Amino acid sequence: MDTGLKPVIAGYIPLLDSAVLVAAARMGFAEREGVSLKLVRETSWANIRDRIAVGHFDVAHMLAPMPIAASLNLTSLAVPMIAPMLLGLGGNAITVSADLWGDMAHAGADPAGDPASTGKALAQVIAMRRGGRQRLLRFGVVHPFSGHAYELRYWLAAAGIDPDKDVEISVLAPPVMADALAEHQIDGYCVGEPWNTAAVAAGTGRIATYKQAIWPDSPEKVLGVTRKWADSNPETLSALLRALSAAADWCSERENAEVLAGVLCEPEFLGCPVEICLPALTGQMQFDQSTSRQIPDFLTFAGGAKASPTPAHGRWFFEQMVRWSQAGETSASVREAESVFSSDLYRAALGLAASVPDPVFHLFDEA
């Protein structure tokens, strides 16, 4: 039956920052804008990348650096992409095993997660392990082109730890991180919620530091769209952006946290206990089973101007690709990375001012 709604298929990974897409589909925001939004759950970011490239998905919940990597032909099945909207800020943490945290605490790691302190403590642990000829510590990230990879690397490098020599870094799907830690396959990982809290709840992991402490108010996930689909469906994309902006505003209201957690934790979405979803949504983060801290902006959703991408975001992510030898730096590549994060489509869809000044970044240590 023809409902008159514009169909849009969106891929997503079971993480809390898929909330804007989930809320748009489940709470009626998409339908109000004339969009029939179908969500398809995936298990890995590689699958998200591949399925949007071959046209299985129209749009996707996507790692912020991924559209840049695809546009610069740095990944398989690369296609030109854009990131017309930010779906969430923050939300990641670096979790280490209980044993590793014990060693870090002995070396003076700040229990509140200060990245300079915890990084310094980890460096001391690594030096001691090297002296004892122990194996390299293993850390997991969700994808090479991810905020997680760059945050982990930045944190390590700021402490004088070479991410390519002093530790091992491997790629794992977000939902298996806590299990891999429990099985001693890895010693730590950087992932989005709720998969840090899952390890804390199980007693196998301890949050060492978190994204908001490393790079405050920075993009984590974006709406990923191929340029081809955006060019072919301008009205549908505009309607979707308006729906997602309204959904993001709803998700940002603290009084909606329990309802949002209940929806996200349903089997068809994250399929996990509400208790491990609520901490990030309320900001009451549990670092271990006896240490909690209120971090109001741990994970931020926002519509309106706050969800607008900026070329400066694209430029920073590209600089990390260059820093870690994933890409060569050319003026054309910089321009392409900036254009991926153009705010033009989002601002036109919402009727916002045509341009805004670039944000000022305040990383914890300019390493």
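The values are calculated or read from the model by the stated rules, or taken from the named source; none is laboratory data. Here the structure is a predicted model, which is why all the values come from computation and not from measurement. As a convention, Cβ positions derive from the backbone with ideal geometry for all residues, glycine included, and neighbour counts pool all protein chains shown.
Scanning region 301-318 turns up no residue that is more than 19 Å from the chain's Cα centre (by Cα) and buried (at least 18 other Cβ atoms within 10 Å of the Cβ). In region 76-95, the count of residues that are in contact (Cβ under 8 Å) with a residue 12 or more places away in the chain and farther than 30 Å from Ser245 by Cα is one or more. How about region 239-324: which helices (runs of 4 or more DSSP H) wholly inside it have at least 1 residues that are more than 21 Å from Pro111 (Cα to Cα) and of a type in the set (Lys, Arg)? Fully inside region 239-324 and qualifying: 311-323. Of the residues making up region 321-367, those that are under 21 Å from Ala158 (Cβ atoms), loosely packed, with under 15 Cβ neighbours inside 10 Å and without any contact (Cβ under 8 Å) to a residue 12 or more places away in the chain are Ser325, Val360, Glu366. Look at region 264-283: where a residue is on the phi > 0 side of the Ramachandran plot and surrounded by fewer than 24 Cβ atoms within 10 Å (Cβ to Cβ) and a partner is of a type in the set (S, T, N, Q) and not in a helix (DSSP H, G or I), sitting 6+ places away or on another chain with Cβ atoms under 8 Å, you get Gly283/Gln294. The residues of region 177-200 that are within 23 Å of Leu16 (Cβ to Cβ), over 16 Å from the mean Cα position of the chain (by Cα) and either of a type outside the set (Asp, Glu) or at pLDDT below 95 (or both), listed by number, are Ala178, Ala180, Leu181, Ala182, Ile186, Gly188, Ala198, Ala199, Val200. Residues in region 89-111 that are surrounded by 24 or more Cβ atoms within 10 Å (Cβ to Cβ) and on the phi > 0 side of the Ramachandran plot: Gly90, Gly91. For Ala64, the conditions (1) surrounded by 24 or more Cβ atoms within 10 Å (Cβ to Cβ); (2) more than 15 Å from the chain's Cα centre (by Cα) are fulfilled apart from (2). Would you call Ala23 surrounded by fewer than 24 Cβ atoms within 10 Å (Cβ to Cβ) and small (Gly, Ala, Ser)? In short, no.
When region 33-48 is examined, which residues are found to be polar (S, T, N, Q) and under 21 Å from Ala70 (Cα atoms)? Result: Thr43, Ser44, Asn47.
Please indicate, with yes or no, whether at least one residue in region 200-209 is crowded, with 24+ Cβ neighbours inside 10 Å and assigned by TED's automatic domain parsing to the domain that holds Phe57. Scanning region 200-209 turns up no residue that is crowded, with 24+ Cβ neighbours inside 10 Å and assigned by TED's automatic domain parsing to the domain that holds Phe57. Would you confirm, using the coordinates I've provided, whether Gly28 is without any contact (Cβ under 8 Å) to a residue 24 or more places away in the chain and assigned by TED's automatic domain parsing to the domain that holds Gly271? Criteria met by Gly28.
Here the condition is being under 14 Å from Leu72 (Cα atoms) and either small (Gly, Ala, Ser) or assigned by TED's automatic domain parsing to the domain that holds Leu237 (or both); of Val322, Val274, it holds for Val322 alone. When residues of region 206-235 are filtered for being among the aliphatic types (A, V, I, L, M), part of a helix (DSSP H, G or I) and out of contact with any Phe, Trp or Tyr (no Cβ under 9 Å at 6 or more places or on another chain), how many remain? So the answer is 1.
Considering only residues of region 172-189 that are touching a residue at least 40 places away in the same chain (Cβ under 8 Å) and not in a helix (DSSP H, G or I), which is nearest to Arg153 (Cα to Cα)? This residue is Tyr189. All of Ala109, Ala123, Ala105 fail the test of being touching a residue at least 24 places away in the same chain (Cβ under 8 Å) and not in a loop (DSSP other than H, G, I, E, B), apart from Ala123. Only residues that are in a strand (DSSP E or B) and farther than 15 Å from Gly119 by Cβ were counted across region 190-205, and they come to 3. Against the condition among the hydrophobic types (A, V, I, L, M, F, W, C), out of contact with any Cys (no Cβ under 6 Å at 6 or more places or on another chain) and within 19 Å of His143 (Cβ to Cβ), how does Val176 come out, does it pass? So Val176 passes the test.
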